[in-house]
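> One structure is given below, represented as structure tokens, and several questions about it will come after.
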Amino acid sequence: MSNDVRKEPVAQRKQYFYQHTKQVAAEFCETTPIHGISHLIGRNKLLVERIWWILLFVLSLYFCLIYMYSIVEKWLDNPIIVSFDRDHSSIYSVPFPAVTICPETKVKASVLNVSHTFQLVRSGKLNESMDGERVRKLLALLQLCEHDLYDRSETATEDNDMLKLLRKMAIPSFEIFQSCFWKGHPVECLDVFKTSLTEKGFCYSFNTIANNDLLRNEELDPSYAFNSEKRASHWNLDFGYQTGVGINAFPHRVITGGYLGSLAVSLLVNKSDVDYFCGNSFQGFKVILHMPNEHPQLMHQFFRIPLNKELIVTVVPHVTSIGPRAQQYRPEQRHCFNSRERHLRFFQIYTQKNCEIECLTNYTLKLCGCVRFWMPRSPGAPICALRDSPCCRKALSLVHKLQAKAEEAEDSDLPKQFCNCLPTCNNIEYHWQVSQAAWDWQNDRLVAVSPVLENKPTLFRSNETK
């Protein structure tokens with residue numbers, strides 16, 4: 001009897017708790033602003049109606065969870081957001097772009113008449129046994145041409161001294177530069193423009209850092225030299241300029257835009273050296289603007305300087321930087337590398353273009369057994385001869401195709417197995433606009449160049465001498 005008395009209050013408490021909970025739930029469902037809840041447990045609802053609303057609620061919850069999962073998955077795959085910085089940065093913190101100028105005329109006519117020599121070789125009137133030096137010069141120069149001008153069946157001897165040969169044939173810089181102005185003041189062109197090596201032969205670069213700061217000399221063949229710059233760099237892509245270096249820092253920078261923050265160059269082409277055989281109908285110069293710590297590549301974006309024209313190039317730097325919180329993620333998550341984060345064999349400084357050059361070099365060596373004359377190479381790596389040009393073009397095409405597949409195959413391991421040349425987290429892109437006008441240089445008695453008004457301009461002039 002005593003056990004029944006004790007059980008009765010427990011049962012009553014359970015019954016009271018159940019009814020109270022049911023009442024609270026019903027009141028919540030009737031008054032809640034959540035859509036559809038009032039149809040689940042509300043009073044005077046048919047069983048079929050409740051089941052219907054329960055099914056709708058379950059489906060809504062299912063799709064909601066799927067949407068939440070997709071958001072989480074997207075965040076895990078790409079947790080970095082690119083946004084515009086509302087704070088303006090001083091132009092003083094950004095280096096002036098490196099300017100690489102490549103003449104379309106590759107050799108003086110007095111050194112080698114390309115058209116005449118090529119016709120003699122093709123007709124069998126000239127071969128290496130008759131004039132080996134002249135034929136070797138032609139074979140070296142044909143590697144700079146826009147089109148294939150040599151049959152694969154013809155003998156094309158390999159020449160590891162090709163760089164010396166091309167350098168010897170190149171038009172001297174003092175015959176190309178007439179005058180140079182930096183920040184409105186005349187400067188010696190040969191002091192500011194240094195010889196640099198590109199896929200179009202020897203060019204001339206302004207504001208490019210030296211080999212000792214850009215390349216790993218211990219990994220390179222002793223005969224390879226990217227440029228002739230000797231000044232030490234005071235700038236780092238991730239941290240900017242060193243403190244205390246002032247306005248004389250290298251790479252150069254400017255305080256303001258306009259004429260007082262510009263580079264002005266007058267260029268010359270000797271009419272007797274113009275030869276349309278190796279290229280196309282255009283004669284003049286090709287120019288590329290790039291970061292000071294990048295190897296210039298004219299296969300990328302460039303603009304032309306025609307003869308007897310004055311060009312004003314307005315340059316606007318676009319700076320991308322990474323925040324401290326984003327640095328905590330792995331490179332695969334933030335989809336970028338810092339300039340010292342990924343090791344390159346030939347370059348001390350990582351940039352996407354430097355990485356792509358090294359990748360192309362390695363792939364060309366693997367496919368063809370040699371590298372192009374302009375590519376960084378390890379000691380003993382052979383230089384491709386003219387007969388290897390089809391293989392080199394094939395290597396370039398395959399690299400582009402594999403890069404495209406790597407971009408499309410987001411979930412595959414192809415990017416890691418291939419180049420994995422991600423952009424740099426801190427990056428500068430120099431966007432330019434070009435305006436030009438006819439230059440009657442024969443009637444121009446003034447040495448000074450005309451002023452320019454836009455931000456960070458670069459002015460070029462070219463003329464054809466008799």
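> If you check every pair at least six apart or on different chains, which have Cβ atoms under 7 Å apart with a residue in the stretch 161-172 that is at pLDDT 85 or above first and a residue that is open to solvent by less than 20 Å² (accessible area, probe 1.4 Å) and hydroxyl-bearing (Ser, Thr, Tyr) second?
These pairs meet every condition: Ile171/Thr105.
Residue by residue, here is whether (1) surrounded by fewer than 17 Cβ atoms within 10 Å (Cβ to Cβ); (2) farther than 17 Å from Leu138 by Cβ; (3) touching a Lys or Arg at 6+ places or on another chain (Cβ under 8 Å); (4) of a type outside the set (Ser, Thr, Tyr) holds:
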| residue | (1), (2), (3), (4) |
| --- | --- |
| Ala170 | no, no, yes, yes |
| Phe177 | no, yes, no, yes |
| Cys180 | no, yes, no, yes |
| Cys189 | no, yes, no, yes |
| Lys194 | no, yes, no, yes |
| Glu199 | no, yes, yes, yes |
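> Restricting attention to the stretch 110-133, which residues are closer than 23 Å to Lys271 by Cβ and surrounded by fewer than 17 Cβ atoms within 10 Å (Cβ to Cβ)?
Hits for the stretch 110-133 are Ser110, Val111, Ser115, His116, Gln119.
> Quick one: which of Glu188, Glu219 is in contact with a Phe, Trp or Tyr (Cβ under 6 Å, 6 or more places away or on another chain) and at pLDDT 90 or above?
Just one listed residue meets the conditions, Glu219.
> Could you list, ordered by first residue, the pairs with Cβ atoms under 8 Å in which the first is in the stretch 314-336 and within 15 Å of Leu422 (Cα to Cα) and touching a residue at least 24 places away in the same chain (Cβ under 8 Å) and the second is of a type in the set (Asp, Glu) and not in a helix (DSSP H, G or I), at least 6 apart or interchain?
Close Cβ pairs (under 8 Å, with a partner that is of a type in the set (Asp, Glu) and not in a helix (DSSP H, G or I)) amount to Thr320/Glu429; Ser321/Asp85; Pro331/Glu341.
> So which residues in the stretch 323-350 are more than 18 Å from Ser196 (Cα to Cα) and open to solvent by less than 50 Å² (accessible area, probe 1.4 Å), if there are any at all?
Gly323, Ala326, Pro331, Gln333, Arg334, Cys336, Phe337, Asn338, Ser339, Leu344, Tyr350
> Something else now. Please count how many residues of the stretch 219-254 are within 24 Å of Leu165 (Cα to Cα) and either open to solvent by 30 Å² or more (accessible area, probe 1.4 Å) or part of a loop (DSSP other than H, G, I, E, B) (or both).
Number satisfying all stated conditions: 11.
> Only residues that are touching a strand residue (DSSP E or B) at 6+ places or on another chain (Cβ under 6 Å) and either open to solvent by 20 Å² or more (accessible area, probe 1.4 Å) or in a strand (DSSP E or B) (or both): list them for the stretch 274-303, please.
Gly284, Phe285, Lys286, Val287, Ile288, Leu289, His290, Phe302, Phe303
> Determine if the stretch 177-198 includes at least one residue that is of a type in the set (Val, Ile, Thr), assigned to a loop (DSSP other than H, G, I, E, B) and in contact (Cβ under 8 Å) with a residue 12 or more places away in the chain.
No, there is no match, as no residue in the stretch 177-198 is of a type in the set (Val, Ile, Thr), assigned to a loop (DSSP other than H, G, I, E, B) and in contact (Cβ under 8 Å) with a residue 12 or more places away in the chain.
> Continuing with the same structure: Which residue, of Ser60, Ser115, Ser83, Ser93, is modelled with pLDDT of 70 or more, out of contact with any Leu (no Cβ under 6 Å at 6 or more places or on another chain) and under 30 Å from Trp432 (Cα atoms)?
When all the criteria are applied, what remains is Ser93.
The values are calculated or read from the model by the stated rules, or taken from the named source; none is laboratory data. What you see is a predicted model, and the numbers here were worked out from it, not measured in a lab. For neighbour counting, all protein chains shown are included, and Cβ atoms are generated from backbone atoms with ideal geometry for every residue, glycine included. Ligands, DNA and RNA are excluded from the accessible area calculation, which covers all protein heavy atoms including side chains. Shrake-Rupley method; radii C 1.70, N 1.55, O 1.52, S 1.80 Å.
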